[in-house]
Amino acid sequence: MNIALDAMGGDHAPDEIVAGAVLASPDIRGTVTLVGVPERIHPLLPRPCPPNLVVHGATEVIGMSEKPIEALRKKRDSSLVVAAELVKARAADALVSAGNTGAAAAGCLLAWRQIPGFHRPAIACTFPRRGGTFLLLDAGASPDVDPEHLVEFALMGRAYAERAMGRSNPVVHLLNIGEEEGKGNRLAQEAYALLSKHPWFRGNIEGKEMFEAETDVVVCDAFVGNVVLKTSEGVAELLIRMIREEVPKNPLARVPYLPLRKLFGNVRKRLDYAEYGGSPLLGLNGLCIICHGRSNAR
């Protein structure tokens, strides 16, 4: 697989992005095209450079805080736009970006268009739960949706869960403020009515239940999904930090803590967003992986 990597996208670009490509290069059967400003990329590459890493020039960069549509219109030679065009021209099989999420979603939509029958792209983010993982979508691509779009998200999520995650007959829940039918705003109520027509729909699910229930796919709009994502990250980081802070305060706690260090390490690994890499942008005629804006080389 040949990958077009947006080398200028992310809080730590291009340094960490290029370093990550170098680390991954031995395991990639194909070429990684580092798309970005050559003068900033070449000094970061080792000598000799891995043979499957190449640089493709782009003169502009879309910042993390820029308005997506405006930035895409003004910066036609940005690393993100150029990388999307490489996929469109079949010079690459997939685009990977840790840059501006809205710009990545809109840029890929403009370049590749939707899969027939689907009207909004969705980011499918993997979350840990008791005994496994589940997909939440949309986690950031389409904040303004209609009830029909949530049904489309469910269909896309089920297809991904089956083919990429090996789930058999995956079930779907609708994220809501209560489990009972009739809960939520108009979007949730109308989406519930449409989803109820499908045998794989298991009803509403509350935020506190997602991490305990046997679910494969949870659907919501991007506004709600992104709030869930960022809140979960914050809580996970807080818990890890609290444990680190409390153990040194109590000498007696250090003794039982030592045998549990590996256990805490495993838990931390399950909660670390970096362990999940990126999330696929579904619904388009092309493959895009959206990475966390804070992504480091690992």
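The values are calculated or read from the model by the stated rules, or taken from the named source; none is laboratory data. On a predicted model such as this, the values are computed, not experimentally measured, just so you know. No Cβ is skipped: glycine too gets one built from the backbone with ideal geometry, and neighbour counts run over all protein chains shown.
Which one of Ala139, Ala92 is more than 15 Å from the chain's Cα centre (by Cα) and in contact (Cβ under 8 Å) with a residue 60 or more places away in the chain?
Among Ala139, Ala92, only Ala92 is more than 15 Å from the chain's Cα centre (by Cα) and in contact (Cβ under 8 Å) with a residue 60 or more places away in the chain.
Within segment 58-66, can one find any residue that is farther than 19 Å from Ile290 by Cα, in contact (Cβ under 8 Å) with a residue 24 or more places away in the chain and touching a helix residue (DSSP H, G or I) at 6+ places or on another chain (Cβ under 6 Å)? If you could, list the steps in order and put the result at the bottom.
Taking segment 58-66 as the starting set, the residues that turn out to be farther than 19 Å from Ile290 by Cα are 58-60.
Then drop every residue that is not in contact (Cβ under 8 Å) with a residue 24 or more places away in the chain, which leaves 58.
If we keep only those that are touching a helix residue (DSSP H, G or I) at 6+ places or on another chain (Cβ under 6 Å) as well, we get 58.
Yes, segment 58-66 contains at least one residue that is farther than 19 Å from Ile290 by Cα, in contact (Cβ under 8 Å) with a residue 24 or more places away in the chain and touching a helix residue (DSSP H, G or I) at 6+ places or on another chain (Cβ under 6 Å).
How many residues does segment 165-190 contain that are of a type in the set (Asp, Glu) and closer than 16 Å to Ala222 by Cα?
Count: 0.
Output the number of the condition that Gly99 fails; it satisfies all remaining conditions of (1) modelled with pLDDT of 95 or more; (2) of a type outside the set (A, V, I, L, M); (3) within 20 Å of the chain's Cα centre (by Cα).
(1)
Of the residues in segment 34-66, how many are surrounded by 15 or more Cβ atoms within 10 Å (Cβ to Cβ) and among the basic types (Lys, Arg)?
Here the count works out to 1.
Applying the selection to segment 131-153, what residues are among the charged types (D, E, K, R) and closer than 16 Å to Pro170 by Cα?
Glu152
Is it true that some residue in segment 156-174 is within 26 Å of Pro68 (Cα to Cα) and at pLDDT 95 or above?
yes
Collect the residues in segment 110-135 that are surrounded by fewer than 22 Cβ atoms within 10 Å (Cβ to Cβ) and within 18 Å of Asp146 (Cα to Cα), keeping them in residue-number order.
Result: Gln114, Ile115, Pro116, Gly117, Phe118, His119.
Would it be correct to say that Ala104 is touching a Leu at 6+ places or on another chain (Cβ under 9 Å), in contact (Cβ under 8 Å) with a residue 60 or more places away in the chain and assigned to a helix (DSSP H, G or I)? If you could, list the steps in order and put the result at the bottom.
On the way: touching a Leu at 6+ places or on another chain (Cβ under 9 Å): yes; in contact (Cβ under 8 Å) with a residue 60 or more places away in the chain: yes; assigned to a helix (DSSP H, G or I): yes.
Judged against the criteria, Ala104 is a match.
Counting only residues that are among the charged types (D, E, K, R) and more than 24 Å from the chain's Cα centre (by Cα), which one in segment 166-193 is nearest to Glu212 (Cα to Cα)? Give the steps one after another, and end with the answer.
Just the residues of segment 166-193 that are among the charged types (D, E, K, R), to begin with: 167, 179-181, 183, 186, 190.
Subsequent filtering for residues that are more than 24 Å from the chain's Cα centre (by Cα) retains 179-181, 183, 186, 190.
Working: Glu179: 14, Glu180: 18, Glu181: 20, Lys183: 20, Arg186: 26, Glu190: 26 Å.
Applying the filter and picking the extreme gives Glu179.
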